[in-house]
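To start, the structure under review is shown below, and the notes come after it.
Where a number appears in this text, it was derived from the coordinates with a stated rule and is not lab data. Keep in mind the model is a prediction, meaning the values are calculated, not measured. Note that we place each Cβ from the backbone using ideal geometry, even for glycine, and neighbour counts take in every protein chain shown.
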Amino acid sequence: MLRPDGRCLHDTRYHGGGLPGPDLLEASMALVRGCSFPDNLFYDVVRHVWYAPHEGGLVRLGITPVGVALAREVLIFTPKRVGKPFEAGRAMATVESAKWVGSVRAGFAGTVEAINEALVAHAASVNSDCYGEGWMMLVRPTDTDWQADLVTGPAVAAAYEAWMEENGFEGCASCT
């Protein structure tokens, strides 16, 4: 799938502009059926959410390329309000496409500390840059071991390949 300017949807040379915190793309990337996964993130494979440790004990999060592909085209992003708590497995935001409405569910309990206001105003940016401009929110985990049930590093490729096989997911659109 291509962006309007002709670049690949997941062209790693252009990710990361305007990110709060470290550049996510300095890490190596796993590529599974056309979907890219930076090795330095934590993933909730079943819920298609990525998490990145951020300064001050916060965690930045967003949806993975698989989540974007399943939604087809995200049009609206509605997060919980700043200061609101959320429970593991429960909704912390809603995303809407032309024919689908779904919840972004948390992999751990915490509190919303900040939201990406630019994404609220222009939710479609998650479709082309889910790790960069499409980050969703900063949260403060309730527990210090928030990443205990998440997948990271080299294990993410095998975990997503297994999920894709089990669910008949052919992959993210490839760029040629």
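Evaluated at 10 °C with a viscosity of 1.306 mPa s, what Stokes-Einstein diffusion coefficient in µm²/s does segment 21-176 have when Rh comes from the Kirkwood expression over alpha-carbon pairs?
Working: Rh = 15.5 Å.
Approximately 102 µm²/s, per Stokes-Einstein.
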Inset, instruction - Scan around C35 for amide H atoms under 5 Å from its own, H built in the peptide plane at 1.01 Å from N, and keep only partners 5 or more places away or cross-chain. - result: C172
Inset, instruction - List the residues of segment 27-63 whose backbone N lies under 17 Å from a point placed 7 Å from the Cα of R140 along the Cα-to-Cβ direction. - result: 53-61
Legend entry - Which of A123, V151, V139, positive extreme of dipole for segment 24-167 (C-beta unit charges): A123
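Diagonalise the Cα gyration tensor of segment 72-126 and give the resulting equivalent ellipsoid semi-axes, square root of 5 times each eigenvalue, largest first, whole Å.
Values: eigenvalues 81, 38, 10 Å².
Semi-axis lengths for segment 72-126 are 20, 14, 7 Å.
Using 0.36 nm times the number of residues separating S28 and E161, minus their current alpha carbon distance, what extension gain do you get? Mind dumping the intermediate values first?
Values: separation 133, 0.36 × 133 = 47.88 nm, distance 1.74 nm.
Roughly 46.1 nm would be gained on extension.
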Legend entry - Percentage relative contact order, segment 24-167, counting C-alpha pairs under 8 Å, at least six apart: 28
Legend entry - Amide H within-cut-off set for E113, under 5 Å, with H built and near neighbours excluded: G83, L138, V139, R140
